[in-house]
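Taking it in order: structure first as structure tokens, then the write-up.
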Amino acid sequence: MAIDHPAAARLKQQFPQISLKGAAFRDQTQIAVPATNVLEVVRFLRDDPDLGYDMLSDVSCVDYLNYAGWTQERFGLVYIFNSVQKQSPRLIVRVFLNEPALDVPSVTGLFAGAEWLEREVYDMFGIRFTGHPDLRRILTWDGFKSHPLRKDYPVTGLGERTAYAVIDRESS
């Protein structure tokens, strides 16, 4: 990993046994971490006194179905970290996953704000966060069977909207 970012050298030094991949584009650095090691890497990024990534800005996901790009995996989980105290440059940590192994350790124990973000990724993409304190759907209803932001989900839906009665002003 030959990336000009303060976290890249520290991560390589701290975790020589982990296969880390790095990339930079338009002053944004991203480091790919195996799902099994994401908790220890995120803990190190938060607790290292030189880096001090104390803010998890976002947790999201990308569906790479039919995409011949940087990865062969179907899903790319995205964690965006900032350092408020140290003013370290923004860092993107990626975790790539393939079906059926869509389980990743939850980072809610390290960043409490990840609770709702992980629930949204679970709801929209079907990524399961092990150890999450309340992993349930947040944008769709409990009986919903699909994950709407997956690329194989039909644009017009699966008939969910037609199954409900329309409520107008007179009947409400």
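The values are calculated or read from the model by the stated rules, or taken from the named source; none is laboratory data. Quick caveat: nothing in here was measured; it's all calculated off a predicted structure. A quick note on method: Cβ atoms are made from the backbone with ideal geometry, for glycine too, and the neighbour counts reach across all protein chains shown.
Inspect all residues belonging to the stretch 43-51 and state whether any of them is outside any loop (DSSP other than H, G, I, E, B) and over 23 Å from T130 (Cβ atoms). No, the stretch 43-51 has no match at all.
Picking from residues in the stretch 56-67 that are out of contact with any Phe, Trp or Tyr (no Cβ under 8 Å at 6 or more places or on another chain) and in a loop (DSSP other than H, G, I, E, B), the one that is nearest to P6 (Cα to Cα) is Y67. Taken over the stretch 10-41, the criterion of being farther than 16 Å from L97 by Cβ and part of a helix (DSSP H, G or I) is satisfied by R10, L11, K12, Q13, Q14, E40. When residues in the stretch 102-119 are screened for being free of Cβ contacts under 8 Å to residues at least 40 places away in the same chain, of a type outside the set (S, T, N, Q) and under 25 Å from G143 (Cβ atoms), 4 of them pass.
Every test in (1) assigned to a loop (DSSP other than H, G, I, E, B); (2) in contact (Cβ under 8 Å) with a residue 12 or more places away in the chain is passed by P154 save one, and that test is (2).
Among the listed residues A112, A101, which satisfies the condition of being within 30 Å of D50 (Cα to Cα) and small (G, A, S)? Before you say what the answer is, go through the steps one by one.
Details: A101 fails: within 30 Å of D50 (Cα to Cα).
Checking each option against the conditions leaves just A112.
Looking at I3, is it part of a loop (DSSP other than H, G, I, E, B) and touching a helix residue (DSSP H, G or I) at 6+ places or on another chain (Cβ under 9 Å)?
Details: part of a loop (DSSP other than H, G, I, E, B): yes; touching a helix residue (DSSP H, G or I) at 6+ places or on another chain (Cβ under 9 Å): yes.
Yes, satisfied.
Against the numbered list (1) free of Cβ contacts under 8 Å to residues at least 24 places away in the same chain; (2) touching a Phe, Trp or Tyr at 6+ places or on another chain (Cβ under 8 Å), F129 comes up short only at (1).
Is there a residue being assigned to a strand (DSSP E or B), hydrophobic (A, V, I, L, M, F, W, C) and at pLDDT 95 or above anywhere in the stretch 124-133? Within the stretch 124-133 (the criterion being assigned to a strand (DSSP E or B), hydrophobic (A, V, I, L, M, F, W, C) and at pLDDT 95 or above), the answer is yes, since at least one residue qualifies. Go through the residues of the stretch 133-148 one by one and say whether even a single one is touching a residue at least 12 places away in the same chain (Cβ under 8 Å), among the basic types (K, R), crowded, with 16+ Cβ neighbours inside 10 Å and farther than 24 Å from D54 by Cβ. For the stretch 133-148, residues touching a residue at least 12 places away in the same chain (Cβ under 8 Å), among the basic types (K, R), crowded, with 16+ Cβ neighbours inside 10 Å and farther than 24 Å from D54 by Cβ: absent. Got at least one residue in the stretch 99-112 being over 25 Å from V41 (Cβ atoms) and either in contact with a Lys or Arg (Cβ under 9 Å, 6 or more places away or on another chain) or part of a loop (DSSP other than H, G, I, E, B) (or both)? No, because not a single residue in the stretch 99-112 is over 25 Å from V41 (Cβ atoms) and either in contact with a Lys or Arg (Cβ under 9 Å, 6 or more places away or on another chain) or part of a loop (DSSP other than H, G, I, E, B) (or both).
Of all residues in the stretch 68-92 being among the aliphatic types (A, V, I, L, M) and in a loop (DSSP other than H, G, I, E, B), which is surrounded by the most Cβ atoms within 10 Å (Cβ to Cβ)? Quick ask: steps written out before the conclusion?
Residues of the stretch 68-92 that are among the aliphatic types (A, V, I, L, M), as a first pass: 68, 77-78, 80, 84, 91-92.
Now restrict to residues that are in a loop (DSSP other than H, G, I, E, B): 68, 84.
Details: A68: 7, V84: 10.
Among them, the one singled out is V84.
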